[in-house]
Amino acid sequence: MIKIRYTRRKKFKKKNWIMVLTAQIIVISYLFTLSTGIITSGTEAYFYDNSQVISNIQAGSWENVWDKSSFKFLNGNTDQVIESCDQKEISVTITNMGSNMEGPSRYEVYYISKGNPKDGEKVAEGVIQPITANQSGVLKFTASDSGAYKFRAFQRPFHANKPERQDLWSETITITCQSKSDNNSEQTPIVPAQDIPANTETTPTEAAKNEQPVEYSPSDSNVIKEEVESIIIQNAKGD
């Protein structure tokens, strides 16, 4: 009885192993087919996402390209001096020596009562609208205080292919204020007494002013009386 049961169990175990092996082969084939499809579709999605990233990078790098424009102040080496005690509009001329500007830029105005305006304070700022190649624009500011002013202009981004923003400074504009009393003193200077030329000719009025009064003493009056009496006696003898 025990032997018969063992034989049947052995036959069943052998048949069961064949079925399990067949099932494993089917499952492996199915998994291989499924994984192949997933890998293929994933590769397509991967390349698609990569192309999107590349296009975004190209769009970003396009904005970082210099438009080849370049500013220059025409009178940057010649300072201006303005005399005014009232509000005064000051201006400088800026020229685009390069290609057409593809966008705006900006400028600032600096002021100091005495010294270099670069060391002073910023008092205003403005926008430089696009300027075409070899054309000029005028930057203006209304100044209300006497002192020194400078305009600071900024080049377009990535000027000369540099990541830092490039700038340039205009000439110095100095405003001076002189009061009317100062002007009158300059127009009628005081001449020292020793510099006045002497006048050799004198008018009667001036001679009278310059003539000193004669002073008489009692002794002088007796002498004059004796001289008059001698003159009268001599005239009588002559007659």
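So the values come out like this:
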| quantity | calculated |
| --- | --- |
| Subset of segment 116-127 [open to solvent by 90 Å² or more (accessible area, probe 1.4 Å) and in a helix (DSSP H, G or I)] | K118, D119 |
| The listed residue being acidic (D, E), surrounded by 13 or more Cβ atoms within 10 Å (Cβ to Cβ) and in contact with a Gly (Cβ under 6 Å, 6 or more places away or on another chain), out of E171, E108 | E171 |
| Residue within segment 46-67 that is in contact with a His (Cβ under 8 Å, 6 or more places away or on another chain) and at pLDDT 60 or above present | yes |
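The values are calculated or read from the model by the stated rules, or taken from the named source; none is laboratory data. Values in this document were obtained by computation on a predicted structure and should not be read as measured data. We place every Cβ from the backbone using ideal geometry, glycine too, and count neighbours over all the protein chains shown. Side chains included, ligands, DNA and RNA excluded: accessible areas come from the protein's heavy atoms. Shrake-Rupley method; radii C 1.70, N 1.55, O 1.52, S 1.80 Å.
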